[in-house]
Structures are given as C-alpha cells and as structure tokens.
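Encoded as structure tokens, the structure appears first; notes follow it.
The values are calculated or read from the model by the stated rules, or taken from the named source; none is laboratory data. Owing to the predicted nature of the structure, the values given are computational and were not obtained by experimental measurement. With ideal geometry, Cβ positions are generated from the backbone for all residues, glycine too; neighbour counts draw on all protein chains shown.
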Amino acid sequence: MKEITVNVQIAKGVTATEVNNIILPWLQDNVKNWPLGYTFEQGGEFEASGDAAASIFSGLPIAGIIILLLLIAQFNSIRKSTIILLTILLGLIGVTPGLLIANTIFGFFTILGVVSLSGIIINNAIVLLDRIKIEIEENGLSEQSAIYEACQQRLRPILLTTATTIGGMLPLWLSHDPMFETMAVAIIFGLLFATILTLVFVPVLYSILFRVSFKKGQA
C-alpha cells in the first residue's frame with residue numbers, strides 16, 4: 001500500500017485544533033471526488049490528543065466508582081454522596097461560557113482542567129456537608145439551624161479557596177499559552193460558577209433529600 005505523508009509546521013499562536021477545524025471539512029468534502037480506494041488519516045498532535053483523551057475517558061468510570069465508594073465510606077450515606085456527585089455538574093455550567101469569553105477552544109487540556117475542577121468542587125461540597133454534620137451532632141443544633149450555620153461558617157473558606165485557585169490560574173490564561181490556556185480558562189470559569197451555585201445548591205438539595213422543612217422559620 002502506497003501513502004503520502006504531509007508534515008507541516010503550525011504558525012506561532014495557532015493551535016492544531018484550529019488548523020484541523022479548517023482542513024478537515026475541506027478534506028471531507030473533496031474525498032468524495034478522489035479515485036476509489038483513496039482516503040486520508042490525520043496524525044501528529046491531533047492523533048496524539050485523541051489517543052490521550054480516549055485513555056482519560058476510559059478510566060473515568062473506574063475513577064467515578066472509587067470516588068463514590070470513598071464518599072459512602074466517609075459519610076455512611078448514599079444521599080450525601082449523591083449530593084456531592086451532583087455538584088460536579090455545576091462546574092460544567094461555567095466551562096462553555098468561559099471558553100466563549102476567552103475565545104479559545106475545547107481540547108485535551110480543557111479536559112484535564114475539567115477533571116481538576118471536579119476535585120475542587122467535590123472538596124467544597126464535602127466541607128459544607130461535614131460542617132452541617134458537626135453542627136447537628138456536636139453543637140446540638142436543629143437541622144434547619146445547622147444548615148444556616150454551616151453556610152455562614154464555610155462561606156469564607158470556600159470563597160478564599162476559589163479566589164486563590166483562580167489567582168493561580170490567571171497567569172496561565174493571560175500568557176495565551178496554546179497548551180495551558182484552555183485548562184486555565186476551564187478551571188477559572190468553571191470554579192467561579194460552581195462556587196456560587198454550590199453555596200445554594202448543596203443546602204437546598206440537602207433540605208430536599210433529608211426532608212428538612214423551613215415552614216416554621218426555625219434558624
């Protein structure tokens with residue numbers, strides 16, 4: 001089998017994904033007019049990135065199961081573990097607007113950013129739920145009062161964690177590095193949205209799953 005290999009050097013400031021977004025549609029349109037038996041394959045950074053992403057996705061189910069088992073072992077509660085896992089989705093809300101605002105692409109390093117972001121979000125949810133448990137079991141507060149107190153006690157630590165993480169990622173975003181910019185953008189905007197929503201989502205979902213009523217206005 002004969003083949004022709006074309007090697008190109010990407011211009012400075014341009015990523016392989018941006019080039020492929022232009023070349024791939026053109027190839028797909030013109031391959032229909034090629035003689036029978038002729039085809040094309042993409043290699044280089046595009047192929048390596050695809051293989052790396054595939055390896056990450058193949059391990060995510062196992063990682064998810066391990067995380068779930070650890071959460072159940074820590075809290076001894078399926079409902080609390082469910083709350084924490086659902087909060088991971090909150091980070092994804094901010095990733096897409098962030099990529100659009102930063103005018104960047106979704107690539108392999110964006111996936112790494114989302115994975116890292118998930119760990120931070122899980123940590124925020126854990127400390128919030130753990131504080132509710134402390135207020136109920138050690139301080140003897142009612143569930144309603146414990147939720148209020150936990151949110152007040154953990155507001156500053158969660159916001160400080162978010163601020164320091166975003167501050168650490170800002171240089172990577174502002175440097176416009178083709179590799180790490182998308183990762184930084186995913187973490188910055190994902191964490192920004194997730195932090196705000198977590199402080200609302202976790203107490204509300206806890207109240208729903210544990211049937212905590214606020215009708216009597218207890219605090």
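Quick notes on this one:
- Taken over the range 136-154, the criterion of being touching a residue at least 24 places away in the same chain (Cβ under 8 Å), in a helix (DSSP H, G or I) and not acidic (Asp, Glu) is satisfied by Gln144, Ser145, Ile147, Tyr148, Ala150, Cys151, Arg154.
- For the criterion of being free of Cβ contacts under 8 Å to residues at least 60 places away in the same chain and outside any loop (DSSP other than H, G, I, E, B), Leu170 passes.
- For the range 66-95, residues that are under 17 Å from Leu192 (Cβ atoms) and surrounded by 14 or more Cβ atoms within 10 Å (Cβ to Cβ) total 8.
- Every residue from the range 54-110 that is modelled with pLDDT under 80 and of a type in the set (Gly, Ala, Ser): Ala54, Ser55, Ser58, Gly59, Ala63, Gly64, Gly91, Gly107
- Of all residues in the range 96-106, exactly one satisfies the criterion of being free of Cβ contacts under 8 Å to residues at least 60 places away in the same chain and either at positive phi or buried (at least 16 other Cβ atoms within 10 Å of the Cβ) (or both), namely Asn103.
- Residues of the range 80-127 that are of a type in the set (S, T, N, Q) and farther than 16 Å from Phe180 by Cα: Ser81, Thr82, Thr87, Thr96, Ser118, Asn123, Asn124.
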